[in-house]
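What follows is a short report on a single structure.
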Protein chains: 2
Amino acid sequence: MNKPTNQAEFPTPTVTTGPLAGSSRVYTSPKAAPHLKVPHREIELHPTAMEPPVRVYDCSGPYTDPNQTIDVEKGLPRTRIDWVKARGGVEEYEGRELSPLDNGGATGKYLARAFPVRHTPLRGVGSAPVTQYEFAKAGIITDEMIYAAERENLGRAQALHDAHIRHADGESFGASVPEFVTPEFVRDEIARGRAIIPANINHGELEPMVIGRNFLVKINANIGNSAVASSVEEEVDKMVWSIRWGGDTVMDLSTGKNIHNTREWILRNSPVPIGTVPIYQALEKVGGVAEDLTFDIFADTLIEQAEQGVDYFTIHAGVRLAYVPMTADRVTGIVSRGGSIMAKWCLAHHKESFLYERFDEICDIMRAYDVSFSLGDGLRPGSIADANDRAQFAELETLGELTQLAWKKGCQVMIEGPGHVPMHKIKANMDKQLETCGEAPFYTLGPLTTDIAPGYDHITSGIGAAMIGWFGCAMLCYVTPKEHLGLPDRDDVKVGVITYKIAAHAADLAKGHPAAKLRDDALSRARFEFRWEDQFNLSLDPDTARDFHDQTLPKEAHKVAHFCSMCGPKFCSMKITQEIRDEFGSARAPNTSLAAEDLDQAMAEKAEEFKAKGSQIYLNDKGETREPID
Amino acid sequence: MNKPTNQAEFPTPTVTTGPLAGSSRVYTSPKAAPHLKVPHREIELHPTAMEPPVRVYDCSGPYTDPNQTIDVEKGLPRTRIDWVKARGGVEEYEGRELSPLDNGGATGKYLARAFPVRHTPLRGVGSAPVTQYEFAKAGIITDEMIYAAERENLGRAQALHDAHIRHADGESFGASVPEFVTPEFVRDEIARGRAIIPANINHGELEPMVIGRNFLVKINANIGNSAVASSVEEEVDKMVWSIRWGGDTVMDLSTGKNIHNTREWILRNSPVPIGTVPIYQALEKVGGVAEDLTFDIFADTLIEQAEQGVDYFTIHAGVRLAYVPMTADRVTGIVSRGGSIMAKWCLAHHKESFLYERFDEICDIMRAYDVSFSLGDGLRPGSIADANDRAQFAELETLGELTQLAWKKGCQVMIEGPGHVPMHKIKANMDKQLETCGEAPFYTLGPLTTDIAPGYDHITSGIGAAMIGWFGCAMLCYVTPKEHLGLPDRDDVKVGVITYKIAAHAADLAKGHPAAKLRDDALSRARFEFRWEDQFNLSLDPDTARDFHDQTLPKEAHKVAHFCSMCGPKFCSMKITQEIRDEFGSARAPNTSLAAEDLDQAMAEKAEEFKAKGSQIYLNDKGETREPID
């Protein structure tokens, strides 16, 4: 089973490799676990900066490391399987038999080639800890916790010791972002339920990461084929592409045929946690007829996907029968696919949702593989008009109840959130989630702050995402420009990821994350000093920044020009400011201010000096007058 | 003078005309002034919507009206000159002699062709009211006030009477947005200094509009050639292009040669207020040497531009000598061009700024033409590190002092604001501006909420713009994707404008503007009912929305398909919701909720009905089962 069933033309996925411009992937080994190699990205600066490389968080995987051999047919190294086995409590077993239904009954040339390698699955046995939550509760620090802690710390040691850096300020709304992240801090946050490490024991390729409001705000990128468009190789490429630009996790939302095989290719090549919505595949297995769904088909699908290594499942167990009529007066009703499937099932049977009624059995499956819950917001608002209504909050209260159940069962939990919410109603979402769900991490889609800009919903939602990230949301699910209109292509995925990296970073800054501002400051210094290449390389998207610059000033010489392409040489305010600094900077100690009455004297002293230099703006690096470039 | 001085090849600017998709430009005549024809845009909906057209604010000018003849060589009709003359207090006069320096000394083929028509300028005489502020203070309601009031009201009458619409809620942070805007309300807001109508008496082509925090949030688009790139015809085209997509005002930031002639072409064809930064042209006149600037050259430039009809001037009179050293320790120093020019002048002369010292004389010029002040924030922060520092706030306090002076002189005033500000420091900017500047309208550039995304600064700043708009900012100056990197082209201008329309609208929604939600609701209903064309046409950018949809589902048939292109037919949650509504909607009065205990009964009643219909998802408009489209 699970071996190639046909030899139809199935191109090997080609993925983008190589470092980002000016960057290299580096590794550190935590003191607590020297056998771990934890990745970071370092951005090299021009020698004139006289600054060390800027270290930034890296979720791009081995693809950006030229020293690694990438073979998509083999998948990434499964290093983590050793960690899991080493701590025990798990068994290898034959695993579930692959059924043709798992790929939607596709055969012959319609069946996508299976991933070439078959790995025997693991599952938890007995009562020994299996999940990160159970280890954390037992006071045990796992390799995953050490690994995640090490990643989070980039720049913090430097920030604490670097005299240039003004201390970060911010308003954290009750978050407790530490000066330095220790493995013990990660363990404690997980034990409190305030953070998760989505890390299925079968996802050996994973580079573990932590999601919680006391850590860097994370982002998720959605990929997935649909009945209408796209292919397996496109989806693998989109996964690699989305993590290249900063996707912390990836959700495979595939529907239609080949759903099993697509997922296998993605998982075997993914260093980031993969999430799915298992009800999509379950629905395929019953021919798309929601009322034919059963718990057994659903549970079997959970096991199928858990054996593959999916790290978190969106499960819409909060869509209760009694809440469905609350949506009838909405402008846009139920907009969650999973929510509407369950609503339909409830209606058709006039029974309580089997996801809700048999939630404890679902927990048992989740626990055995350490699949994290992402409790779905099936009744999230799909329009400004429906935001924060009774249906939405009734479901959220149920998700809070289920969170407690899942924790009792040893599972990790995060909570999904909206959706479409005007700015003045965003904070109420965050506050209610924290209160209702025991501070379990919140994971929102946007929210979109207006409905009137299809084609630009990465922006309508980026606004809401930045705000809710600031207020305490732990992970932001991206929205691409194609939202509401079509399936995102590679360009859309990149724009969505970059937009959400902006939102997440803006949130980190506003929360007062101790190291977030390091990168802003480094880039701003580069901007001020006309280190164009450094400015490009420090940006979230160096290629686009460079390209935009070159559209106005294409010549290589302009990248060392001492003026901005917008203003031209005569109007370069930064150049003028450098003169001001030359006037005043040297006479002053950092962070002191001259009182107004001292200024006249200082000015008088500097007056002749300025004129003696010839009052020239256009000096080259050697202080020589040079002609403006026209 | 001012007639064509050469016959060099100068292409007549070609501009985009014709209505936006699905829209038509309509006019209403206010009761208070039946001779006025006030424009709006109406978006026609599909007959199945059974809804009236959606009326939206229109600043696109006659260009979107197919019944108007556009001749860029003649300019737009100068209707407003009659209003100005009718109320008296002004005189026609010969006007200032055009100097070759006004076009940077360009000659021969380097000199752009002058605008073909020369209009005799007007100026105020004596002590009769000239400015909107003076009329307002005198209790006189001008045509401009009536016109602006009429534009603001779109949808409000409908909103107040339409039973479908739930009342707008919101958090206005102390703003007093009225249910309905009357001319008297506009007058009162102007008299209090809380709003301005930028309307130079020489800008006869203007369609007046009001800027203030109790009105719709406005946006500004910057255009302008520079020493490095672009031409006159490109700039006229950009002006028309930017107002087509929603630019409420346009700033011409041209530098270099041909600055006078470029501006004349823009003004004669602009129905929106035009703003400039006169110090740019003054600097050109002294060969780019800041220290050679004099008050006389500056004042002469103000008169030159005022005679042309510029509606507001950015004047950096708050950059005082004593504040310059406060910027020496900044990461990015002074980033405002105007601010840095004045700082350099102050340094070179070691004297107080002539803009500050002779502010009363500047006021006299501004008043004579009713040019509004946009008091420039020359010391705005250019990086996250520099936000809300002493230099920035010291200048803001001076702007508050100058606001009082300008009001005493009868001038209209708004205040420019930052810049680069992390989210948690944005509200402090708004609060301090309101307090310091007597509630004069705030007009901010963004602010950018992080420095690390050059190439995406429309987004980093759109986040901050939406927030500060919510907090009370009256106008948002757009930022394009090229910010920090290059000069915006047409595409960049459009992306910048749409992004800022999103920010402004999100702010209106969050403030609880009584009519803002109408458009969101109309679009969301269209989305829910699969009226694809309506969804496109109601969006801020119908062309892009349609194009994105067609990339996934190109066929015309799919625009009436009852599923979204993302999900495919089986997963269409909106379709499922329609079934829920069919189940429950008819049994319920609007806005009531069934208690949980009532549900079982309701469900039991509906159960057989649902099954009797065949439990089918895929029904066409006639209720017939149809095949899913694959």
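Where Lys and Arg each count +1 and Asp and Glu each count -1, what net charge lies around B:Thr249 among other residues with Cβ under 9 Å from its Cβ? Walk me through the numbers on the way to the answer.
Working: positive: B:Lys218; negative: B:Asp248, B:Asp311.
Summing Lys and Arg as +1 and Asp and Glu as -1 gives -1.
If you take every residue apart from B:Gly410 with its C-beta less than 11 Å away from the C-beta of B:Gly410, what net charge results, scoring Lys and Arg +1 and Asp and Glu -1?
With Lys, Arg at +1 and Asp, Glu at -1, the net is +1.
Using the Cα atoms of the stretch A:262-335 to build a convex hull, what is its mean projected area in square nanometres?
Working: hull surface 25.0 nm².
Mean orientational projected area (the stretch A:262-335, Cα hull): 6.3 nm².
Going from the residue with the fewest nearby Cβ atoms within 10 Å to the one with the most, A:Thr480, A:Thr398, A:Thr460 rank A:Thr398, A:Thr480, A:Thr460. Calculated over the stretch B:42-96, the projected area of the Cα convex hull averaged across directions stands at 6.9 nm².
Where does the Debye-calculated log10 I(q)/I(0) of the stretch A:3-131 sit at q = 0.09, 0.16, 0.19 Å⁻¹, using only Cα point scatterers of equal weight, no solvent? For the stretch A:3-131, the Cα-only Debye profile gives -0.47, -1.06, -1.17.
Among A:Leu476, B:Leu122, rank each residue by its count of other Cβ atoms within 10 Å, from fewest to most, as a rough exposure measure.
On the way: A:Leu476 31, B:Leu122 26.
Neighbour counts put them in this order, fewest first: B:Leu122, A:Leu476.
In nm, what is the difference between 0.36 nm times the number of residues separating B:Asp491 and B:Ser231 and their Cα-Cα distance?
Details: separation 260, 0.36 × 260 = 93.60 nm, distance 1.62 nm.
Using 0.36 nm per residue and subtracting the Cα-Cα distance, I get 92.0 nm.
By the beta-carbon count within 10 Å of each Cβ, the least crowded to most crowded order of B:His458, B:His35, fewest first, is B:His35, B:His458.
For the stretch A:103-145, applying the loop criterion from DSSP together with a ceiling of 13 other beta carbons within 10 Å to the trypsin sites (Lys or Arg not before Pro) yields A:Arg118.
Compactness of the stretch B:167-287 is given as radius of gyration and Dmax, 17.1, 58 Å, from Cα positions.
Which loop GluC sites (Glu not before Pro) in the stretch A:342-416, with loop taken from DSSP, have no more than 15 other Cβ atoms within 10 angstrom of their Cβ? Could you put the intermediate results ahead of the total?
Values: sites: A:Glu352, A:Glu357, A:Glu361, A:Glu395, A:Glu397, A:Glu401, A:Glu416; in loops: A:Glu352.
Loop-located and lightly packed - A:Glu352.
Within the stretch A:306-409, list the trypsin sites (Lys or Arg not before Pro) lying in a DSSP loop whose Cβ has at most 12 other Cβ atoms in a 10 Å radius. Before the final figure, lay out each step's value.
Details: sites: A:Arg320, A:Arg330, A:Arg337, A:Lys344, A:Lys351, A:Arg358, A:Arg367, A:Arg390, A:Lys408, A:Lys409; in loops: A:Arg320, A:Arg330, A:Lys351, A:Arg358, A:Lys409.
Here the sparse-neighbourhood loop sites are A:Lys351.
For the stretch B:350-391, the spread of Cα positions along the three principal axes, ordered from largest to smallest, is 41, 27, 12 Å. Net length available on complete extension from A:His46 to A:Glu401 is 122.4 nm, with 0.36 nm assigned per residue and the Cα-Cα distance removed.
Considering only the other residues whose Cβ falls under 13 Å of the Cβ of B:Phe359, what net charge follows from Lys and Arg at +1 and Asp and Glu at -1? Can you show the working numbers first?
Numbers: positive: B:Arg320, B:Arg358, B:Arg367, B:Lys408, B:Lys409; negative: B:Glu352, B:Glu357, B:Asp360, B:Glu361, B:Asp364, B:Glu401.
Around B:Phe359, the surrounding residues sum to -1.
The distance separating the Cα centre of the stretch B:103-145 from that of the stretch A:282-334 comes to 66 Å. Taking N as the residue count of the stretch A:105-152, its C-alpha radius of gyration divided by 2.2 N^0.38 Å amounts to 1.93.
Taking 0.36 nm per residue of sequence separation and removing the Cα-Cα distance, the A:Ala138/A:Asp364 pair yields an extension gain of 79.5 nm. Around the amide H of B:Met251, modelled in the peptide plane, lie the amide H atoms of B:Ala221, B:Asn222, B:Ile223, B:Gly275, all under 5 Å away and 5 or more residues distant in sequence or on another chain. A:Thr48 label point (Cα plus 7 Å toward Cβ) to equivalent points in the other copies: 6.3 nm, shortest first.
All of the numbers you see were taken from the coordinates with simple rules; none came from a lab. Quantities reported herein were computed from a predicted structural model and do not represent experimental measurements. Using ideal geometry, Cβ is built from the backbone for each residue, glycine included, and neighbour counts are taken over all protein chains shown.
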